[in-house]
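The values are calculated or read from the model by the stated rules, or taken from the named source; none is laboratory data. Please read all numbers here as calculations on a predicted model, not as lab measurements. As a convention, Cβ positions derive from the backbone with ideal geometry for all residues, glycine included, and neighbour counts pool all protein chains shown.
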Amino acid sequence: MKFPTYPSVVRKEILLEMQIHELFLLSLTSKNARKIVSTKKFKSTGTCFDFSKYSGISTLVFEEWTEDIDVVRWAFRKPPVSEETLSAEILNIPGIDSPCRITISPYSGIPTIWCSSHLKKVFPSFIHRYFCGLFNVPSDVQMVMDLKHLHSLPNTEFVKNVRLIGSETNAKLVNSFFGAVPVSYCAILDTKIRGDLNMDSSLLKVENICLRNAQSFNIEHLLRFEGKHAFLSQSHLTVQEIVRFIQHWIDGFGLQNLETLVIFSRAVDNFSESIPEEIELKPWDPAKRPSGFYIRSAMRDFMGLSPLLQDCSEAQDVERNEDGLLATVLLGNNTFMFNVWRDTDPKGPFQGDNEWIRRRIR
């Protein structure tokens, strides 16, 4: 007896016991099976392409609320002779018009689809569209990539979130990537950039950016940043450059969208002592702003486990000349945080509670 002909009660019990990669495989067997599988619902924050593997095998990852689950892998070559393959066939996925072979990992059960190289630029988009439609999950494109595999990048009109990894990446590749792929929401660079970023790099237009090694991100890049949130770790920005940034913001010359900036610097300067000596900072005025600043979602992702409401009662402020907008400056020995008060409605006293936040990208 074939699965679609089982009584509905039996089918429901079977679906409950199946993992998502098994459900995906089952949906490929027939249109009826796909229709039945699509009744299964999941709580999800989306999907993510993983193009980081040196083996040339890419992965579609399903993001449940508390964990990431590999669903299917693919490569554009013949499968290894050591792996048992299912018969070559046309997949039940719109747009894929040539036979592919499938192998099943004997350890994880995850399927790998082995395709013709002429599908390299379109296959990921087709399988992503199919999967998101199958389980009715968000279709935003997210990816993890080592730019050494930039040739694996599929055709895509835009990417919502991207995470670039690798011990070191040439700045030319970073410039090429952001020049070719519009990233709308979040860019995390978990790699050291070797060389000079372009001053007009599209990275500076991404709404939220996080550089784990910001050595190549200089003051000119910062002053040209058009997004809302920036997290710069291992920065080489000095006291004089940070003072220049503050004055630039006060004078209203740019950074019109900025909400939060966090800098962890490797400079030898002591920020908490030197910056107040270089520029006037005003003490907190309870009549102008609350004591607690709500950390936006992107910055919580960048900072990991952190207070959702940050205590700014002991911090000092600056005011923008053109419109009186306030920003709070928080200083440590080599840390600088700049919070812009676009919302000054009081939210009650600072509680200092921590809460685990689901990161946007693996």
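At-a-glance table
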{"read-out": "Unmet requirement for Leu261, which otherwise passes all of (1) more than 24 Å from Arg224 (Cβ to Cβ); (2) touching a Leu at 6+ places or on another chain (Cβ under 8 Å); (3) modelled with pLDDT of 90 or more", "value": "(1)"}
{"read-out": "Test for Thr59: is it under 30 Å from Thr191 (Cβ atoms), outside the structural domain of Ile165 (by TED's automatic domain parsing) and modelled with pLDDT of 85 or more", "value": "yes"}
{"read-out": "Residues of segment 6-44 classified as over 20 Å from Phe126 (Cβ atoms) and in a helix (DSSP H, G or I), total", "value": "13"}
{"read-out": "Residue in segment 293-313 that is more than 30 Å from Leu164 (Cβ to Cβ), modelled with pLDDT of 90 or more, in contact with a strand residue (DSSP E or B) (Cβ under 6 Å, 6 or more places away or on another chain) and polar (S, T, N, Q) present", "value": "no"}
{"read-out": "Which numbered condition Trp249 misses (of (1) closer than 20 Å to Glu322 by Cα; (2) in a loop (DSSP other than H, G, I, E, B))", "value": "(2)"}
{"read-out": "Residue under evaluation Glu207, criteria (1) buried (at least 19 other Cβ atoms within 10 Å of the Cβ); (2) touching a residue at least 40 places away in the same chain (Cβ under 8 Å); (3) under 21 Å from Cys186 (Cα atoms), criterion not met", "value": "(1)"}
{"read-out": "Contacts under 6 angstrom Cβ, first residue in segment 107-134 being touching a residue at least 60 places away in the same chain (Cβ under 8 Å), partner buried (at least 19 other Cβ atoms within 10 Å of the Cβ) and among the small types (Gly, Ala, Ser), 6 or more apart", "value": "Leu134/Ser27"}
{"read-out": "Some residue of segment 213-232 being in contact with a strand residue (DSSP E or B) (Cβ under 7 Å, 6 or more places away or on another chain) and either surrounded by fewer than 17 Cβ atoms within 10 Å (Cβ to Cβ) or on the phi > 0 side of the Ramachandran plot (or both)", "value": "yes"}
{"read-out": "Any pair with Cβ under 8 angstrom, 6 or more apart, that starts in segment 190-203 at a residue that is in contact (Cβ under 8 Å) with a residue 12 or more places away in the chain and ends at one that is acidic (Asp, Glu) and assigned to a helix (DSSP H, G or I)", "value": "Met199/Glu220"}
